[in-house]
1. Return the residues of the range 83-96 that are open to solvent by 80 Å² or more (accessible area, probe 1.4 Å) and aliphatic (A, V, I, L, M); say none if nothing qualifies.
2. Could you tell me whether K50 is within 22 Å of E157 (Cα to Cα), in a strand (DSSP E or B), modelled with pLDDT under 95 and open to solvent by 20 Å² or more (accessible area, probe 1.4 Å)?
3. For Y110, state whether it is surrounded by 17 or more Cβ atoms within 10 Å (Cβ to Cβ) and in contact with a helix residue (DSSP H, G or I) (Cβ under 6 Å, 6 or more places away or on another chain).
4. Got at least one residue in the range 122-134 being of a type in the set (S, T, N, Q), in a loop (DSSP other than H, G, I, E, B) and buried (at least 17 other Cβ atoms within 10 Å of the Cβ)?
5. List the residue pairs whose Cβ atoms are under 9 Å apart, where the first residue sits in the range 66-82 and is open to solvent by 100 Å² or more (accessible area, probe 1.4 Å), the second is modelled with pLDDT of 85 or more and among the acidic types (D, E), and the two are 6 or more positions apart or on different chains.
6. Is there any pair linking a residue in the range 35-52 that is touching a residue at least 12 places away in the same chain (Cβ under 8 Å) and more than 16 Å from F95 (Cα to Cα) to one that is assigned to a helix (DSSP H, G or I) and open to solvent by less than 60 Å² (accessible area, probe 1.4 Å), with Cβ under 8 Å and at least six apart or on different chains, and which?
7. Which members of the range 13-34 meet the condition of being closer than 15 Å to F94 by Cα and open to solvent by less than 30 Å² (accessible area, probe 1.4 Å)?
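The values are calculated or read from the model by the stated rules, or taken from the named source; none is laboratory data. Owing to the predicted nature of the structure, the values given are computational and were not obtained by experimental measurement. FYI the Cβ positions are ideal-geometry reconstructions off the backbone, even for glycines, and counts take in every protein chain you see. Quick note on the areas: whole protein, heavy atoms, side chains included, nothing else; ligands and nucleic acids left out. Shrake-Rupley method; radii C 1.70, N 1.55, O 1.52, S 1.80 Å.
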Amino acid sequence: NTYCDNIFIINMDYKDNKKMYDFIYAIQVFEHIDNPKDFITKILCSLTRKGRFLLEIPNAEEPLLTLYKVRKYRKFSFIPHHLFIWSPETINMFFKQLDIKVKIKRIQRYGILNHLRWIILGRPGNWHPHIPILDDIYKFILVHLFKKSDTLIITGEKNE
């Protein structure tokens, strides 16, 4: 537990929670949960009235899988620890079944050098460089024109 920008941050197993929170943020967790419905139910029960949640997860519509079809990336991405691979469509279907309205935003974290390295060499790099302007344009094209990204941000709130 720590403070960040005057906000108290708690890191815990969701199953152990006994308190109520205004905001719950789960980064790169949802794809590892063996019972997503249970997880979301627990999150909603842990939120104060009108509390909000945010999930950040890998996107099944990752450009390296869907646009470039990099086989070695497929092996890298589909690991046993990822119990579920989510796309905007499957996220919408899942939350609709629970009668929870969510907003989904595509985010492209990795830039053109990372993608070129995967396409040409078939492996990731150990560094994450950002090429100003070029990466911004590349990411914009992937997200806004092709509707592809490596990350999804899902936001919702408790409706009571």
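1. Passing the criteria: L83, M93.
2. Yes, satisfied.
3. no
4. No, the range 122-134 contains no residue that is of a type in the set (S, T, N, Q), in a loop (DSSP other than H, G, I, E, B) and buried (at least 17 other Cβ atoms within 10 Å of the Cβ).
5. Going by the 9 Å Cβ cut-off, the qualifying pairs are H81/E31.
6. S46/Y14
7. F30, E31, I33
A quick yes/no check of all residues on (1) part of a helix (DSSP H, G or I); (2) farther than 25 Å from E157 by Cβ; (3) touching a strand residue (DSSP E or B) at 6+ places or on another chain (Cβ under 7 Å):
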position: F39; (1), (2), (3): yes, no, no
position: K72; (1), (2), (3): yes, yes, no
position: I91; (1), (2), (3): yes, no, yes
position: Y110; (1), (2), (3): no, yes, no
position: H115; (1), (2), (3): yes, yes, no
position: W118; (1), (2), (3): yes, yes, no
position: K139; (1), (2), (3): yes, yes, no
